[in-house]
């Protein structure tokens, strides 16, 4: 009888750990993508794109690849972060545009309801208010 209870307990613990691991893995996969938008002024209007991003923040380095909803690689960003300020270069893919010098900020907003909170990055073209603007966010 004791042997049966021990086996049942081990199986129950295994099922519990498998379920927890599956939930954690799926939530991490869902949160691994960032959302983004970009805008650039063009003949009395703003041309706007949006999609998902692959973002890597390692120490003071920032790199991001921005894709449209169809999976086309649209913008690549590489830069440095110092005290929440960002200096970066953005290259618009599938475009004749030259690399653009960007500046901006990164902020993390803690939220008691959604545990990890939100991280937002806002970049704009340095010294050009009508230039290229990029926003990237992740909850």
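The values are calculated or read from the model by the stated rules, or taken from the named source; none is laboratory data. What you see is a predicted model; the values in this text were computed from it and never measured. Cβ placement follows ideal geometry from the backbone for every residue including glycine, while neighbour counts extend to all protein chains displayed.
The combined condition, being over 16 Å from residue 39 (Cβ atoms), at pLDDT below 95 and surrounded by fewer than 14 Cβ atoms within 10 Å (Cβ to Cβ), is fulfilled by residue 107.
Among the candidates 51, 59, which residue alone is under 23 Å from residue 122 (Cα atoms) and at pLDDT 95 or above? After ruling out the rest, the residue left standing is 51.
Evaluate the stretch 85-95: report whether one residue or more is in the same structural domain as residue 38 (by TED's automatic domain parsing), assigned to a loop (DSSP other than H, G, I, E, B), more than 18 Å from residue 54 (Cβ to Cβ) and touching a strand residue (DSSP E or B) at 6+ places or on another chain (Cβ under 8 Å). No, that holds for no residue.
Each row is one residue, and each column tells you yes or no for (1) within 27 Å of residue 127 (Cα to Cα); (2) at pLDDT below 95; (3) touching a helix residue (DSSP H, G or I) at 6+ places or on another chain (Cβ under 8 Å).
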position: 25; (1), (2), (3): no, yes, no
position: 30; (1), (2), (3): no, yes, no
position: 35; (1), (2), (3): yes, no, no
position: 44; (1), (2), (3): yes, yes, no
position: 55; (1), (2), (3): yes, no, no
position: 64; (1), (2), (3): yes, no, no
position: 76; (1), (2), (3): yes, no, no
position: 79; (1), (2), (3): yes, no, no
position: 84; (1), (2), (3): yes, yes, no
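Can you tell me which of 51, 135, 131 is in a loop (DSSP other than H, G, I, E, B) and either under 15 Å from the mean Cα position of the chain (by Cα) or touching a residue at least 60 places away in the same chain (Cβ under 8 Å) (or both)? Of the residues listed, the single one that is in a loop (DSSP other than H, G, I, E, B) and either under 15 Å from the mean Cα position of the chain (by Cα) or touching a residue at least 60 places away in the same chain (Cβ under 8 Å) (or both) is 131.
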